[in-house]
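Worksheet for the structure shown next.
No lab work stands behind these numbers, since they all come straight from the coordinates. Quantities reported herein were computed from a predicted structural model and do not represent experimental measurements. Cβ: placed from backbone, ideal geometry, glycine included. Neighbour counts: every protein chain shown.
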């Protein structure tokens with residue numbers, strides 16, 4: 001099962017490498033990882049997804065918390081949450097049939113065509129990871145040229161919020 | 001405010017952090033710092049012969065005193081040589097600050113001469129690390145480094161300082177912070193009161209309890225609290241290899257060390273226990289043996305300051321995250337006020353069982369090895385003689401291997417910080433430099449380095465450091481002309497095929513070697529020489545004495561847990577298993 005962990009860290013040189021190092025050192029997997037400064041530029045927020053049983057996730061959360069630069073750690077997937085991932089797909093679209101089909105498909109998934117050439121469409125799609133997977137699945141027959149995904153970001157639902 | 005250069009700020013900040021001694025080795029990137037050391041008298045520098053030894057010596061100093069140890073090395077090879085020492089301290093949670101010179105900021109990333117990414121290389125083996133990029137940040141960073149190293153679960157902190165940051169011509173205002181506050185690091189804690197109460201109840205209800213105390217008790221200076229708790233309860237206590245001395249080794253309630261080379265009674269008691277009270281211990285694989293078979297009937301209470309240690313290997317039924325001293329103190333006060341006292345009938349029966357185990361296979365009730373005779377000196381008897389001659393009061397450092405286990409088994413440590421060894425990482429070469437650190441801290445104490453002819457050669461160059469700084473340590477070399485523990489495993493698991501564990505023809509003359517460094521050398525080949533020579537050795541107060549003692553080459557360390565078994569499944573000697 002996919003687990004989403006959010007970490008607030010000091011925005012210091014080397015902080016990210018400590019997180020990444022921790023995962024390889026302890027034999028944990030990282031499926032996705034995103035990191036960027038928050039509105040408070042002294043803090044970075046890092047969201048990662050991983051797999052594992054409850055005990056392993058508990059260890060991961062504790063180990064992340066143990067890092068000196070870590071301010072807060074939560075497992076988002078433990079409670080109600082919203083997750084989003086951004087994907088940009090470049091697809092061959094050289095005939096009017098293909099173009100029409102891709103436009104329809106993109107609309108169904110609420111994607112946006114953000115770049116067009118004579119031979120390609122570039123489509124942007126936002127959603128949870130399953131939706132992005134489904135879109136790729138729908139394009140199997142067409143064949144994608146290039147896919148880029150941002151990794152998951154997420155936030156708790158309701159009044160809960162992650163802060164210092 | 002006083003204006004100082006980066007180099008001077010480092011030394012001043014060390015002074016203000018309470019540092020008297022720095023072990024180190026100079027080199028290009030650290031020369032501004034060394035010049036600053038030269039121009040003052042508050043911080044004393046001790047030159048070693050290899051950077052690994054600088055870190056081990058700082059580590060030994062820290063283990064013996066409880067203070068943070070400090071080492072200073074240069075960039076590149078100086079930094080990488082320090083790595084084994086840092087990893088050793090990390091595994092045993094020893095507070096150190098290691099300052100490394102770095103190439104100038106302007107050269108970082110250019111593969112400059114003696115450039116190594118020290119922060120990167122050391123990352124998995126430090127509690128934290130810093131790369132200082134401005135002279136203005138040095139004092140605050142050093143203050144943070146000492147704070148982080150010494151609080152919570154202690155550990156080594158690396159401070160990497162590029163040469164241009166220590167430029168003698170660039171001066172900035174110096175101010176050492178009175179207090180360190182970090183929003184991302186607030187080590188706790190006193191432990192959850194409710195959990196401590198629950199644990200006290202379980203402990204008082206126990207019929208077959210064992211108190212399992214580890215290095216955390218020593219690190220947190222909680223030995224007195226542990227002793228008080230045991231006095232109240234009259235329960236059996238076992239110490240881990242790192243915990244020896246936390247509870248007195250000569251006390252009747254002490255059932256010996258547990259684990260791979262622990263006593264039969266300690267391992268059997270753990271296996272049959274209904275309550276295990278683990279304090280400052282981490283259920284290491286050298287303790288538990290097969291996790292699936294570990295203590296099947298026990299309710300586990302686990303006290304540790306580091307949440308990641310709790311339920312990492314063994315699920316704790318009652319986890320308590322807090323410092324050993326705070327939790328034990330609270331526990332003692334709860335138990336004193338409890339309406340209930342321990343179940344004396346059950347505890348008496350439990351002691352009867354334990355005493356029966358002691359009588360059957362205990363190593364303290366009678367010798368479980370052939371006696372020494374003539375030229376056959378048993379390594380166990382050497383340790384017993386060391387104990388006798390030093391009246392059980394020496395600081396004993398060790399290297400890694402059979403001699404380490406014999407020392408752990410047969411020197412009964414009554415005080416915390418008396419036994420100093422590399423338990424987690426198992427670093428051969430640790431013993432001699434660690435002994436230097438201990439002797440520096442306690443110039444009048446007996447400091448014995450129990451070692452083997454394999455381990456001692458890994459940092460033997462430090463005999464020269466002992467000369468320079470007048471550190472009269474005593475080296476007890478159990479010379480069996482082989483990598484003894486390797487050979488033991490080869491006997492047990494590889495049909496005695498001694499792959500690269502023998503080197504008899506190439507061993508040095510240790511007596512001549514010691515003399516070459518200006519020390520006293522002794523070679524002991526007959527059991528009758530052991531007592532008088534050992535006395536002579538320790539009577540030579542101001543000299544380093546190297547006792548090269550030829551011990552039985554065929555001896556194995558027993559008991560030894562059977563791999564893949566439960567705790568109580570042990571080899572008792574070469575032919576007998578439990």
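Express the C-alpha Rg of chain B as a ratio against the empirical globular expectation 2.2 N^0.38 Å, rounded to two decimals.
On the way: Rg = 24.4 Å, N = 578, 2.2 N^0.38 = 24.7 Å.
For chain B, the normalised Cα radius of gyration is 0.99.
Label separation (residue B:15 vs residue B:345): 6.9 nm, computed from points 7 Å beyond Cα along the C-beta direction. Taking every residue in B:178-190 and counting other chain Cβ atoms within 10 Å of its Cβ, the average works out to 3. Rounded to the nearest angstrom and listed largest first, the equivalent-ellipsoid semi-axes of region B:3-173 from its Cα gyration tensor are 22, 18, 15.
Please pull out the direction-averaged projected area of region B:294-340, using the convex hull of its alpha-carbon atoms, in nm² to one decimal place.
Details: hull surface 15.9 nm².
Projected over every direction and averaged, the Cα hull of region B:294-340 covers 4.0 nm².
Run the paramagnetic zone check for residue B:133: 7 angstrom along Cα to Cβ, then residues of region B:72-109 with backbone nitrogen under 19 Å. Once the point is set 7 Å along Cα→Cβ of residue B:133, B:100-109 turn out to lie under 19 Å by backbone N, inside region B:72-109. Region B:128-168 and region A:47-92 have Cα centres separated by 30 Å.
Summarise the partner chain shielding of A:56-68 as one whole number: the mean count of Cβ atoms from other chains within 10 Å of each residue's Cβ.
Working: counts 0, 0, 5, 5, 1, 2, 8, 3, 1, 3, 8, 4, 13.
If you average over the peptide's residues, the count of other-chain Cβ atoms is 4.
If R0 is taken as 25 Å, the Cβ-Cβ distance between residue B:442 and residue B:40 corresponds to a FRET efficiency of 0.50. As a size descriptor, the averaged projected area of the C-alpha convex hull of region B:492-578 was calculated at 8.9 nm². Measuring max minus min along each principal axis, the C-alpha atoms of region B:193-361 give extents of 41, 34, 28 Å (largest first).
Given a Förster distance of 22 angstrom, what is the FRET efficiency for residue A:114 paired with residue A:142, based on the Cβ-Cβ distance and rounded to 0.05? Numbers along the way, then the final one.
Numbers: r = 17 Å, r/R0 = 0.79.
Rounded to the nearest 0.05, the efficiency is 0.80.
Spread over its residues, the convex hull of the C-alpha atoms of region B:99-170 is 78 Å³ per residue. Listed by Cβ neighbour count within 10 Å, with the fewest neighbours leading, A:5, B:142 appear as A:5, B:142.
Is chain A best put as rounded, prolate or oblate by its Cα gyration tensor, with a ≥ b ≥ c the root eigenvalues, rounded for a/c under 1.5, and otherwise prolate when a/b is larger than b/c, oblate when not? Prolate shape, in that a/c is at least 1.5 and a/b is the bigger ratio. Inter-chain neighbour count for B:119-129: the average number of beta-carbon atoms from partner chains within 10 Å of each residue's beta-carbon is 3.
Here the translational diffusion coefficient of region B:1-80 follows from Stokes-Einstein with Rh set to the Kirkwood radius across Cα pairs; for 37 °C and 0.692 mPa s it amounts to 255 µm²/s. At q = 0.08, 0.10, 0.11 Å⁻¹, what is the base-10 log of I(q)/I(0) for the protein assembly as shown according to the Debye formula with one equal point scatterer per Cα and no solvent? Please give it to two decimals. Listed by q, the Debye log ratios stand at -0.74, -1.06, -1.21.
Rounded, prolate or oblate: which fits region B:394-458, taking a ≥ b ≥ c as square roots of the Cα gyration tensor eigenvalues, rounded meaning a/c under 1.5, else prolate when a/b beats b/c? Oblate is the answer for region B:394-458, as a/c is 1.5 or above yet b/c matches or exceeds a/b.
What is the distance in Å between the Cα centres of region B:261-297 and region A:146-164? Centre-to-centre distance over Cα atoms comes out at 43 Å. With both labels modelled 7 Å from their Cα along Cα-to-Cβ, the residue A:16 to residue B:181 distance reads 3.1 nm.
Could you put B:304, B:552, B:491 in order, starting from the residue whose Cβ has the fewest other Cβ atoms within 10 Å?
B:491, B:552, B:304
Mind running the shape call on region B:318-376? Use the C-alpha gyration tensor, a ≥ b ≥ c as the square roots of the eigenvalues: rounded below 1.5 for a/c, prolate if a/b tops b/c, oblate otherwise.
oblate
Length, then width, then depth: along the principal axes, the Cα atoms of region A:3-78 run 34, 24, 19 Å. Once the mean of 1/r is taken over each pair of separate Cα atoms and inverted, region A:82-153 shows a Kirkwood hydrodynamic radius of 12.1 Å. What is the gain in length, in nm to one decimal, between residue B:572 and residue B:251 on full extension, counting 0.36 nm per residue of separation less the C-alpha to C-alpha distance? Roughly 113.2 nm would be gained on extension. Only DSSP H runs of four or more residues enter the estimate; each adds -39500 (n - 2.57), and after division by the residues of chain B the mean residue ellipticity at 222 nm equals -11000 deg cm²/dmol. Over what distance in Å are the Cα centres of region B:8-69 and region B:509-568 separated? Value for the Cα centre distance between the two parts: 31 Å.
Between residue B:290 and residue A:65, what FRET efficiency comes out of the Förster formula 1/(1 + (r/R0)^6) with R0 = 41 Å and r the beta carbon distance, rounded to 0.05?
Details: r = 30 Å, r/R0 = 0.73.
So the FRET efficiency works out to roughly 0.85.
By the count of other C-beta atoms within 10 Å, a proxy for reagent exposure, B:522, B:436, B:492 are ordered fewest to most as B:492, B:522, B:436.
In this label model, residue B:117 and residue B:388 are separated by 5.8 nm, measuring between points 7 Å along each Cα→Cβ vector.
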